Structures are given as C-alpha cells and as structure tokens.
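The values are calculated or read from the model by the stated rules, or taken from the named source; none is laboratory data. Since the model is a prediction, treat every value here as computed from it, not as a measurement. Because the Cβ atoms are built from the backbone with ideal geometry, glycine has one as well, and the counts that use them run over all protein chains shown. SASA here: full protein model, heavy atoms, side chains in, ligands and nucleic acids out. Shrake-Rupley method; radii C 1.70, N 1.55, O 1.52, S 1.80 Å.
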Amino acid sequence: MAAWDLTVTVEDLGPDAPPLQISVASDLHIGGVILKLVEQTNLKKDWSDHALWWEQKQQWLLRTGWTLDKCGVHADARLVFTPQHKPLRLGLPNGATLKMRACFSSSAFRTVMGICRVLNLRHPEELSLLRPVDEKKKKKDKDSSEELYDLTDVPLTAGSVQALYNGMPAHFADSPKTEAVYKMLSVSLPSSAPEAIAKLYRPASVVDKTHIHTRWLDSSRSLMQQGIQENDKLWLRFKYYTFHDMDPKYDAVRLTQLYEQARWAILLEDIDCTEEEMMLFGALQYHIGKLSLSQDMVSSCQGMDDLESALKSLEVKMVGDSNSTDMLESMTAPELNDYLKIFRPKRLTLKGYKQYWCKFQDTSISYYKSKEDRYGEPIQQLNLKGCEVAPDVNVAGQKFCIKLLIPAPEGMNEIYLRCENEKQYSQWMAACKLASKGLTLLDISYQSEVKNIQTFLSMQRSNSAAPAAQTDDSINTHSLVSPRYQKKYKPKQLTPRILEAYQNVAQLSLTSAILKFLQIWQALPDFGISYFMVRFKGSRKDEVLGIANNRLIRIDLGIGDVVKTWRYNNMRQWNVNWDIRQVAIEFDGNINIAFSCVNADCKVVHEYIGGYIFMSTRSRQQSDTLNEELFHKLTGGHEAL
C-alpha cells in the first residue's frame, strides 16, 4: 500500500513544538502509529496512559488493533497524542473544590465511577457531573483564587472495595495533606457567612430551576467529546434521588456530601419548606456544626452510632418475622375510621371544611355523611393510587391538614383533609403516603412511617417544659436559614426560635442528626424533583415537566399547579425520535404522551427517566455489582451499546 504522511501533535513536547509528520500506510493499525510516534519523540517516559484524539471528528481512537483505514483516518486528519487522565477541578456538594485526575477518554459514567472510588463514595450511579453556573465576579474579586484541595497525586485504583486504615481509605492516610482532604470530605464544613450565601446563585422561579438541569453531562460520552478541557471546573452532585443501601459505617463521605447537598438546596431556596421546618433545619445544622467541630477524625465516629445503626438494621430485618397471632390479625385487612373535615377548593370555593365520617381501606378513602351511614353507599370514594400527597401543617397553630392531588381524566382533583390532632394526622398521612405508592395499611413500613411523622411533629413543637433556651452569641443564625427568612427576621428574633427547636434535637449523635436532617428533607413535598421546560404535542405553550424517582409531573407554567402525574410503574414503554428530538411515552390504559424539550437536550430527559428505572432494578443482595451495560441500554438512546 502507498505510504502517506500523517500529522500528529504530541502534547508532551510542549505547546510551541511543531506537529510530528510520520509516514504511514492505510493498513497500519493504531498501535503501530503510537509506536512510531514514541520512537520519533526520543522521550524516555511511561506512555501507557496516552492515546490518540481525532480533533475534527471529536473522538478517541482507543481500539489499537484497528487499522487507519477501518477508523476512517486519512491524510487530512489532525490527531493529538495526549494523556487519557488529566487534572480536573471538581466542585463538591459542600462547596469545596478538589483538584484530581479524571479519565477524559471513557464515558462520563465510568469517569464518575473512578472519581467516586478515590473519594470513597459508594453507589456512584447516583451521582453525575454538571457544568457549573457562571458566577459573576466583581473586578476586586479577580485576584482571589479559590482554595484547592489537591488529590492529583492519588492513583486511580481499580478495585471497588477500599482498604481501610484508621477508618479511612489507605490512600488518604499517606500524608497529613491527604488526611486533611478526607476530613473535609467526611466532616461537615462550618456554615458560610450570610454575605457569602447571598452571593451564590439562587433560582428565583421554576423556570430558573429548569435551567439548572440543562447542564448535566451526557453519561454515554467522554469528557473530551463534550468540550471539557484539562483543569476545567465541573460540579459533582447527586443526580438521582434514590439512595440505595445507606450505611453510616461505610458511607461517612456519602452521608456528609448528601447532607451538604440537601443543606444548600434548602439555604438557596431550591426546595420550599415552611417556617417551622426551616427553624428545625436551622437547629439541626447548628447541632451538626457543633458536633463536627469537636470531631477529631471520622474514624472516631462513636461506636454507639455504629451500634445504633446495627440495631436499626436488625429492627428492620425483624419486622418481617411475625408470630401466629400477627398472622391471624393480618388476615383481615386493617382500616382507619374516623371523623375528618374535607374541603374541595375547586368545586365549592366559598364553602369551608365540612365534617364527614371517613373510612380508609386498601388504597382508597370513602366518606359518608355520618358514622351511622357507613354501611350504605359512600358520598364518594377517592382512589389514592398515583396521587400527590403534601402536608399543610402548622404545629403551633394546631393545623394538621393533608393536601391530596388525585388523578382524574381531565387533570388532578385537589382535596384537603383536616385532622383534629397529631395522632390522627400521623396515621392518615402515613396511610395516604403509602396508598399513593399503591401500598396498603398491611405494609410493614406503615408503623415506622407513622412514628417518623410523629417524631417530626414533636421536633417542631415548642418545648415549654425544657429550661429556657439560653442566648448563644456564637450562633450565626443568618447562616442557618435561607435569604427569605434573613430578610423577614433579625438575628435576635431568629436565635431564640432556633435554640428552642435545638432543645428537641440536642441529644442526637452526629450520625443520627445527619440522618434526621436527610429524613425531613426527603419528606418535603418538592423533594427530588428535577424540572425541565417542555412543549407537549398538540399544545401551543411551554410547560414544565418534573421528573421524580417514581413519577413524571406536568406543571402549568403560569400558575405553578400540578396538572397531571404519571407513575413509572404504569409505564409500558418510552422512546425518542432523535430526528425531531421528541420523547414519546406510553402508559397503561392507552395513555400516550409526547413532548419536545425547550431548553435542554432531550437526551438529558431520556437519561433521567432511564436512570430512575435503572435505579429501581437494584437489589440489596447484589449491591456491590453494578450492571453498567443495563444502565447504558436504558439511558444511552441511539448511542446505546
């Protein structure tokens, strides 16, 4: 075959060095090209991490056995011989920036797995990388460089299970510098000053929230293919809100970073919460901050915490074991029966709550005019499967309401249930939450759900029996609440309220306080919803699509109301028409929806839906093995394996 000249830039020769010309034939394989290059450079070094990058096609030539002809490389190709692992600046959920080596040649999914392995984060499939928000810097801030925690010297290990030394992975125990990095990763950082919080990007509306989610990287393609260069900054965040097999013993970094992501979502008003909930979040942050300061090293994570978590997991396992009397009781399906007040805003707006006798059975509520009428036909039966459930509670004002959005052919019917007291509210709220997932009162999680709700309410209650909360000058209350409450209250008004809430959580250990914070965050109505601007087929206006871990939500952009929800467990199939960039989904009952994305690539939405379905396939038994092939099949689209 005729020989021709191939032009290759070798990065290691320096930015000013001219490209090398090597004589090749079309039947020469990629490995042979690399061999010729290395010989021509006359540099004695380890070239094992280097590979060829094809600039015009934006692709790596990683199959060293393929010939130039098979790869489609001709004389006009501009190739670059460059390392596959390059330094990357990673913005972590806690706001710190970490400099470390990452793989620029494998899929972003694999790159995240490598990063998580170094950081000792289990279940890397829950995280991903996104481009950061452009922060507007003032002229005087130009010289201020961010503090970088450097991990570029740490080798990327191949094994999934880390060897522990003094409670931390061995590669962090090499030097005081790396030990400090591990402490930053696994112990909560002190609260930022209110002025620093005010400078950070805050989504002002649901439209702003849709822009955040357009910036996720494509998991199927490499960093280089997505225009990421050496030393660029990316954010590492939890993308999928299904946290599998969380174990405080092994997940110190994962728990801390998840807590930090939740904390900043609340402080930057990315997720809404009530005033009472904000005071409780503030108190828990204050408590976690105090305990973190006194924590020397995570290895000293009190043995009591480990014992507590072991007992909890044992308790969960034992709930499944039941004796014969329990079995006899469970043969008759349990019910809830009580007087509740019901309000339907859309039907009779002028009239208030009206009292009815309500019966909760299976996954539906039937209501009657009075207890005496309970054997006749109900006024209405509400099927709660697939509904939206949200609390509307003010503990101080003794208001215990449950807001239900129930799917109907024409949209969502809004109904409010008003309970008399905390006990009644806890039982009915837990039942509604389970019913929305298609679970009945027989489910083993019902009692623990009731208990969780009661605990949460008791934490919001003012503790009059406790000694009066002392004023603590060291508490920086404005750094514990979101800007909305910073504007509403002065620090001297906030301090006693946060310290009062603190009385209810002061006895919690560090791990228990973080777990409690995460539990309350996960109970918020808007938890775990990622928003996208879409246009539904046949509609003339833009709407918002919310993607959660178990459902899709259609939201009216004008008034912000939920129009309709669709559950994944009713989904038959979904596909993408890549030519017109339209996502089409088919649900049970011949329900078909189709939409195109307005401000994001439809691949991002397709990956979210496929990703959540992949997360639901994981089981506890195979928790350490990750089916990467299935992930790419569900999320990769036309670029799937």
Condition first: within 26 Å of the chain's Cα centre (by Cα), under 19 Å from L524 (Cα atoms) and either open to solvent by less than 40 Å² (accessible area, probe 1.4 Å) or of a type in the set (A, V, I, L, M, F, W, C) (or both). Now tell me which residues in segment 421-444 satisfy that. M429, A430, A431, C432, L434, A435, S436
Please go through (1) within 13 Å of the chain's Cα centre (by Cα); (2) part of a helix (DSSP H, G or I) for I271 and return the number of the only condition it doesn't satisfy. (2)
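For (1) part of a strand (DSSP E or B); (2) surrounded by 19 or more Cβ atoms within 10 Å (Cβ to Cβ), each residue gets a yes or a no:
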| site | (1), (2) |
| --- | --- |
| R540 | no, no |
| G558 | no, no |
| V583 | yes, yes |
| G611 | no, yes |
| F614 | no, yes |
G72 more than 30 Å from S619 (Cα to Cα), exposed (fewer than 14 other Cβ atoms within 10 Å of the Cβ), over 34 Å from the mean Cα position of the chain (by Cα) and not aliphatic (A, V, I, L, M): yes
Scan segment 595-607 and tell me whether some residue there is surrounded by fewer than 19 Cβ atoms within 10 Å (Cβ to Cβ) and in a strand (DSSP E or B). yes
Against the condition touching a residue at least 40 places away in the same chain (Cβ under 8 Å) and either part of a strand (DSSP E or B) or in contact with a Cys (Cβ under 7 Å, 6 or more places away or on another chain) (or both), how does N452 come out, does it pass? no
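Yes/no per residue for (1) without any contact (Cβ under 8 Å) to a residue 40 or more places away in the chain; (2) among the aliphatic types (A, V, I, L, M); (3) open to solvent by 10 Å² or more (accessible area, probe 1.4 Å); (4) out of contact with any strand residue (DSSP E or B) (no Cβ under 9 Å at 6 or more places or on another chain):
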site	(1), (2), (3), (4)
D392	yes, no, yes, no
I402	yes, yes, no, no
E414	no, no, yes, no
L417	no, yes, no, no
Among (1) open to solvent by less than 30 Å² (accessible area, probe 1.4 Å); (2) out of contact with any Pro (no Cβ under 9 Å at 6 or more places or on another chain); (3) not in a strand (DSSP E or B) - the single one D16 does not satisfy: (1)
Only one of these is within 19 Å of G32 (Cβ to Cβ) and of a type outside the set (D, E): H85, H74. Name it. H74
Confirm whether R122 is of a type outside the set (V, I, T), more than 28 Å from G289 (Cβ to Cβ) and open to solvent by 10 Å² or more (accessible area, probe 1.4 Å). no
